[in-house]
Amino acid sequence: MNILGISAGFHDAGVTLIDGDGQILFAGHAERYSKRKHDSELNVEMLDDCFDRYGIPGRIAYYERPWLKKSRQLYAGQYQELFKPSFKHQLNNIWPREEMPKIEYHGHHLSHAAAGFQTSPFEDATVVVIDAIGEWDTISIWDASYQDGKARYKKLWSQKYPHSIGLFYSAMTKRAGLKPLDEEYILMGMAAYAMYDASMYGDFVRDAHDVNFRQNLHLGCDEYRPDMDNFAIAASAQYTLEQCLHHVMLRAEQIGQSKNLVYMGGVALNCKANDLLGPYFQKIWIMPNPGDCGSSLGAAALAYGSKLNWQGPYLGYDILGPYPVKELLSELVTNKIVGVASGRAEFGPRALGNRSLLADPRGSDIKDRVNAIKQRQQFRPFAPVILEECVHEYFNMPTGFSTSPYMQVVAYCKEPKKYPAIVHTDGTSRVQTVGKDCTSGIRQLLEIWFEWTGCPMLLNTSLNIRGEPMVNDRQDADRFEQQYGVRVIS
């Protein structure tokens, strides 16, 4: 019996379908179908894509407990949220009520934890979840293990609303003139352009051990330090986040039973801060979609109950046909930049080779050309995708991360002048390694590119039209070609 996991109602709606043997059949983002970034609502196109392939599921699991969330919204004074239509209302408009299975509900942070642990290679783990807000928890630490094949979770500690690392970082995103719950990754990139002011940490954090904040940052902090420019705000916010993360991981190391770390929640997307995880744990797993959309997988995993067969993040919409290695190589040699839209879309916010804009990282003008194509700020960095076996020759990987298949940490480039397109102003790169077990054709492309050029890496950024989510289908790819004049090959 197939199980459908659902995340919807706040932001980044998504669904995951798991079969009775623990195979992840499908996992997709609503925004890729609606073309509305961070779309919170389910849509017919996404469910049809899933059901047309695999049939109607027999079970439904939801990623949080709605009434518990409403109690927090009432406490927070979010009265307008109390009367919004529920995800069930969305589902009823898509799925005939008489055919809908009974819905199972699971806790928000527990869904995060399960999405990480049940896809991880570990038999036991200390699980840390840090996000903005779910129902009430904003930070949680768990012991996770399998007993007779069934996943078991024990909550060891949690911090609750309004004390939230995620809300702090989102408030600082807004203070820096960016869009909260969307452009936190830009704030992270801005941090490299200024020195941090350590006083921000004391201004906001009352108790370091419990990560207790002095004010409710859900309300924002737009008037904070008008004397600080936006880049200094970004650097200081990153420093404060990293200090808070240190205290959470220190506690997790002390109270957790396992030396394996599973790290989940939206804050786990801060790849600069992730460099700090290595000293606390021996092995680390961050599922490539650790935010709320990824919790659709977590809800389905909890309903399934056992370890899932994780084979990679390529789980979404399928553009049929072989990966166009020959055509991509020809375009890279000729024009240095090319788009690829092939195979199944990535489950997660980062392009990992199937919906990517690729470029030769060696050209001095490449970074500016790609930023111009994507209509981004010129200070924004790009990531390298590199053959796994070559990464240590070109990058100093942080402790705990010998590889980085999902672009989750930054590393110092050993020869930044040779690869200017993929090195940030602080000398780091957000690295994606590609192993021989990768199920995307990006592996073969890199192998041949290396043979031809002696360079084992390419620049890799998401293939998206400005203001829209990543390209999903061939029609999106055609619009990208027409708008930006860059060939996209399928």
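Rule-based calculations on the coordinates, nothing more; no lab input. It should be emphasised that the depicted structure is a prediction, and the values quoted were computed from it without experimental measurement. Here the Cβ is made from the backbone with ideal geometry for all residues, glycine too, and neighbour counts use every protein chain on show.
Shape of region 93-186 from its Cα gyration tensor (a ≥ b ≥ c, root eigenvalues): rounded if a/c is under 1.5, otherwise prolate when a/b > b/c, or oblate?
Numbers: a/c = 2.26, a/b = 1.26, b/c = 1.79.
Oblate.
Put simply, the amide H of ASP197, placed in the peptide plane, has neighbours under 5 Å in SER236, leaving out anything fewer than 5 places away on its chain. Projecting the Cα positions of SER158, TYR185, MET195 onto the charge dipole of region 115-291 (unit charges on Cβ atoms of Lys, Arg, Asp and Glu, taken about the Cα centre) puts SER158 furthest along the positive direction. Pairwise Cα distances in region 47-146 exceed 18 Å for 61 percent of all pairs.
More than 29 angstrom separation, counting every C-alpha pair in region 115-291; what % is that? The calculated P(r) of region 115-291 puts 19 percent of pairs beyond 29 Å. List the relative contact order of region 330-450 as a percent without decimals, with contacts defined as Cα pairs under 8 Å and 6+ residues apart. Over region 330-450, the number comes to 26 percent. Report note on the peptides 249-260, 181-192, 119-130: ranked by the mean count of other C-beta atoms within 10 Å, highest first, their order is 119-130, 181-192, 249-260. Within region 314-489, antiparallel bridges make up roughly 80 percent of the DSSP beta bridges whose residues both belong there. The convex hull defined by the C-alpha atoms of region 360-472 has an orientation-averaged projected area of 7.4 nm².
Just the number: Rg to Rh for region 251-292, Cα atoms, Kirkwood Rh, two decimals. Ratio value, two decimals: 0.95.
Packing, taken as the mean count of other beta carbons within 10 Å per residue, orders the peptides 108-117, 264-273, 374-383 from highest to lowest as 108-117, 264-273, 374-383. Take the Cβ atoms of GLU451 and ARG36, set R0 to 45 Å, and the FRET efficiency comes out at 0.60. Under Stokes-Einstein, with the Kirkwood radius over Cα pairs as Rh, the value for region 147-224 at 37 °C and 0.692 mPa s is 227 µm²/s. The distance between label points at VAL333 and TYR54 comes to 4.0 nm (points 7 Å beyond Cα on the Cα→Cβ vector). In the chain, the DSSP beta bridges split such that about 70 percent are antiparallel, to the nearest 5.
Dividing the Cα radius of gyration of the chain by its Kirkwood radius returns 0.95 for Rg/Rh. Taking region 176-220 and a reference point 7 angstrom along Cα→Cβ of GLN80, the backbone N atoms nearer than 17 Å belong to 180-181, 218-220. According to the square roots a ≥ b ≥ c of the eigenvalues of the Cα gyration tensor, what is the shape class of region 113-165, taking rounded for a/c under 1.5, prolate for a/b larger than b/c otherwise, and oblate for the remainder? Because a/c hits 1.5 or more and a/b exceeds b/c, region 113-165 counts as prolate. As a length-normalised measure over Cα pairs under 8 Å and 6 or more apart, the relative contact order of the chain settles at 16 percent.
How much length, in nm to one decimal, is gained on full extension between ALA372 and LEU320, taken as 0.36 nm per residue of separation minus their Cα-Cα distance?
Value of the extension gain: 15.7 nm.
Shape of region 219-375 from its Cα gyration tensor (a ≥ b ≥ c, root eigenvalues): rounded if a/c is under 1.5, otherwise prolate when a/b > b/c, or oblate? List each step's numbers first, then the result.
Details: a/c = 2.18, a/b = 1.23, b/c = 1.77.
Because a/c hits 1.5 or more and a/b fails to exceed b/c, region 219-375 counts as oblate.
With both residues required to sit in region 115-291, DSSP beta bridges show an antiparallel share near 75%. Couplings 3J(HN,Hα) of region 411-417, computed from phi: 9, 7, 6, 6, 9, x, 5 Hz, in residue order, whole Hz [Karplus 6.51 cos²θ - 1.76 cosθ + 1.60, θ = phi - 60°; x for Gly and Pro]. Each residue of region 472-482 was assigned a 3J(HN,Hα) from its phi angle through the Karplus curve 6.51 cos²θ - 1.76 cosθ + 1.60 (θ = phi - 60°); the sequence is 10, 10, 5, 5, 4, 4, 5, 5, 4, 4, 5 Hz, with glycine and proline shown as x. Among the listed pairs LYS70/LYS307; LYS374/LYS417; LYS37/LYS179; LYS37/LYS374; LYS336/LYS367; LYS336/LYS417, a Cα-Cα separation exceeding 20 Å is found for LYS70/LYS307; LYS374/LYS417. Note that region 297-303 has calculated 3J(HN,Hα) couplings of 5, x, 5, 5, 5, 5, 5 Hz, one per residue in order, obtained from phi through the Karplus relation 6.51 cos²θ - 1.76 cosθ + 1.60 (θ = phi - 60°); glycine and proline are x.
Per-residue ellipticity at 222 nm from helix content only, as computed over the chain with -39500 (n - 2.57) for each DSSP H run of at least four residues, stands at -9500 deg cm²/dmol. Extension gain, LYS179 to GLU104: 0.36 nm times the residue separation minus the Cα-Cα distance gives 23.7 nm.
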